[in-house]
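What follows is calculated from the coordinates using simple rules that are stated; it is not laboratory data. Since we're looking at a predicted model, the values are computed, not measured. Reconstructed Cβ throughout: ideal geometry from the backbone, glycine too, with neighbour counts over all protein chains shown.
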Amino acid sequence: MTDSPKVEKAIAMAKKAHDGQFRKTGEPYIVHPLAVKKILEEWGMDEDTIIAGILHDTVEDTELTLEDIKQEFGDSVAFLVDGVTKLSTARNGMRDIDTYLPATRDNFLRLMIALGDDIRVLIIKLADRLHNLRTLSALPPDKQKKIAKESLEVFAPLADRLNMGRLRVEMADLAFKYVDPRRYEELKALIAKYNKSAEKSLARVEEEVGKALKKEKINYEISGRVKSVYSLHKKLAKHNQNINEIYDLTALRIIVDDITDCYLTLGIIHSLYTPMNGRIKDYIAMPKQNGYQSLHTTVITKDKKVVEFQIRTKEMHEYAERGLAASFYYNEQKLTENYKKGKIEHLPTNLLWITELQTTAARLREGKKVDLKKLKINLFADKIFVYTPKGDIIDLPKGALPLDFAYRLHSEIGDHVVGVKINGKMSNLNTKLEQGDIVEILTSKNQTPKRSWLDRIITPHARTKLLHALRPSTIDDNQPHKKKRKPRKV
């Protein structure tokens, strides 16, 4: 693929700006923006996004200014580079307690504006993070784990929210490899072993289904789909580590021409094999929240093997793999010029959370007040992500309290809590933690666990640790303390 003159000019500008800079891998820094460019091209992004991807680190890391970029490439590219820079600044501010404390609200507002003004900012950031994960081996182990954990708990769910399935899978597996390397290798070997034993059976099923579809003159493509390591890890956790409860370790994916053929194919499969009760899911009639559409069914074959099928159209498959990026051209005008005019267009139902960010950004530009607590952007279901003062990210269920956080860090910390600072201010142990909070636990060696703390935790993990610590004690600190009797002399 030949680059356009504008893209070539951007590459030349980035090379000059990053001259003399090197990555931890020892490679010239320009390798990174060129890798981001390639990823954005694979996702089918527009020229302005690709140019912004090439230049995304220049304003933050070189002497190049936003005005330089605007003069060479126009408002749109400068707008995107500025958004990525603001997003990086906001995240750094939220992770660095010295910066965060005096400007918590401002940093969070910048994050909202960066995302809300143009969703392509987030797509560039996801491409940036993906390449960093691919080259994570060059960093020291502590940084590897830190970046991997944040990727697993923040960026992969964001990719999922945008229905960028291929990205979510790669990002999650790359990150999990560093978060829990032993478990990763163990599950990888388990998947390989299962696939080898199921290979002949799947080939036979594929042949049988292919013949039946040809007979009905249905155009189709059929291929195997192997479950990702991290997806298996999560499923096993739900099923008490029982591999026999996992029915979709491997699956056959069938892509057909239209929705009618999807349902015809489902009927043909059910005429060949016995469908399992409760395992038929119609995500075409009722798409997932992120817009994913497909028919799923799990069947028992003639030789008593369990096989899952996914049936979808080419358009559904493209959207399942690339999500928002796949349908970007349809929304491109809505996501650029109309922002600057303050005109907010409606997006598809599954992208309404983006519309809400757009509305918030527009109100902020107009100087209007925005209550961020009322934003209903559900990117991570019922999870929140909070930080330690050193910037380590901790995921907790919504409604979690400081003691839940303390016991997640370590039982020794939880057992000796005397207080908590949230965003630099002394707070009550009954304070519910909020998304993005920086939490500092204060401890004392003289402190001991109290039974009243059971009312100040919501997570099973913290409850288990606290009950274990309380087990030797018979003192209930909710009751008046009785004086200890002196032992009798015998």
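Tabulated data for the structure shown
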read-out	value
Pairs from Lys149/Lys238; Lys16/Lys70; Lys288/Lys465; Lys149/Lys432 whose Cα-Cα separation, in the structure shown, is over 27 Å	Lys288/Lys465
Pairwise FRET efficiency - Val31 versus Leu442, Cβ, R0 = 51 Å, nearest 0.05	0.70
Ranking of Asp173, Asp68 by count of other Cβ atoms within 10 Å, fewest first	Asp68, Asp173
Ranked packing of 256-262, 444-450, most packed first, by mean Cβ within 10 Å	256-262, 444-450
Rounded FRET efficiency, nearest 0.05, which uses the C-beta distance separating Glu8 from Lys304 and R0 of 56 Å	0.40
Considering only region 181-323, percent of DSSP beta bridges that pair antiparallel, nearest 5	75
Label-to-label distance, nm, for residues given as Ala285 and Asn242 (7 Å Cα→Cβ offset)	3.0
Ranked packing of 428-441, 49-62, 149-162, most packed first, by mean Cβ within 10 Å	49-62, 149-162, 428-441
Cα gyration tensor shape of region 399-442, rounded if a/c is under 1.5, else prolate or oblate by comparing a/b with b/c	prolate
Positive-end residue of Ile269, Asn240, Gly323, charge dipole of region 181-323 with Cβ unit charges	Asn240
Dipole in debye (nearest 20) - region 181-323, about Cα centre, beta carbon charges: Lys, Arg +1; Asp, Glu -1	560
Highest average packing first - 177-186, 224-233, Cβ atoms within 10 Å	224-233, 177-186
